[in-house]
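Can you keep this structure in mind? I'll have questions shortly.
Coordinate-derived values only; no laboratory data. Bear in mind that the values here come from a model prediction, so they are computed numbers and not experimental data. Don't worry about glycine lacking a Cβ; one is built from the backbone with ideal geometry, like all the others, and counts go over all protein chains shown.
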Amino acid sequence: MNIRDGRAILAALALVLTGTILSSMAHQYFAGQYTGAAILRSRTWWEIVMNLQILSLAFIWFCYADRLQSRKGKEKRVVLVRLIFGLVAVAVPTFVALLSAFLGWFEKRPPLLAIDMIICALIGFWFFSTVIPRLVAMRVYGVPFTRVALWDYFKPGSWLSILPAIGALFVILTDFIFSTTNYYLTLPMLFYAQAAMPFFFRGFGKRPKPVPIDASVEVEDLP
């Protein structure tokens, strides 16, 4: 298997690591360990998480740094938007930790409603981080905002490119039928894996979807 873009693979790994960290946090909450004894006082745990956070931020920066320097004008704006969303996405575990410390959740477990609100916020951010960069790219590269153009730009190229999203829908459906709560543990990892799919496709020399722009215009196909 040939690697076309190693930096894109680094960004994909950063997203997968972030999703794994968030799912691990959810697991500890439901295991009854989301307390000071298990989290706040565990230096080893937080050293690992913070090191992975720094590594993930570096991976995202390396993915976009050269692209940011090589672009000019409006094209540079597209890459900058993608970079900002990428950095914020992988820094979510740090934001959750700061929020937990501010609200005292390390000493007293937060209510389940708070966890639901955090998950809804993450899903909302995931949606906007997917849509906004693409809308910005469409405007910069002159793609018309018609129904056909929007669908061509957002539709998946194959079922494999949306496999994590399919898994997420399956988990949600299963939880709804059997009244379980597995989605708390799996959705963060699956949604971040879905966000990583375009980077994996780019890294291994495949395109997850066609970009409906004139072939004479060079278009970056990263999300």
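Any idea how far apart CYS120 and HIS27 come out in nm if each label point goes 7 Å out from Cα toward Cβ?
2.7
Now for a separate question. Below 15 angstrom from the Cβ of LEU187, what's the summed charge of the other residues (Lys, Arg +1; Asp, Glu -1)? Don't jump to the answer; show the numbers that get you there.
Details: positive: none; negative: ASP116, ASP175.
Within the 15 Å Cβ shell, the charges total -2.
What is the packing order of peptides 120-131, 3-14, taking the mean over residues of other C-beta atoms within 10 Å and listing the highest first?
For the peptides 120-131, 3-14, the packing ranking is 3-14, 120-131.
Then there's this: Each label point is 7 Å from the Cα along the Cα-to-Cβ direction; what then is the distance between the points at TRP46 and PHE128, in nm?
Going by the 7 Å Cα→Cβ label model, 2.8 nm.
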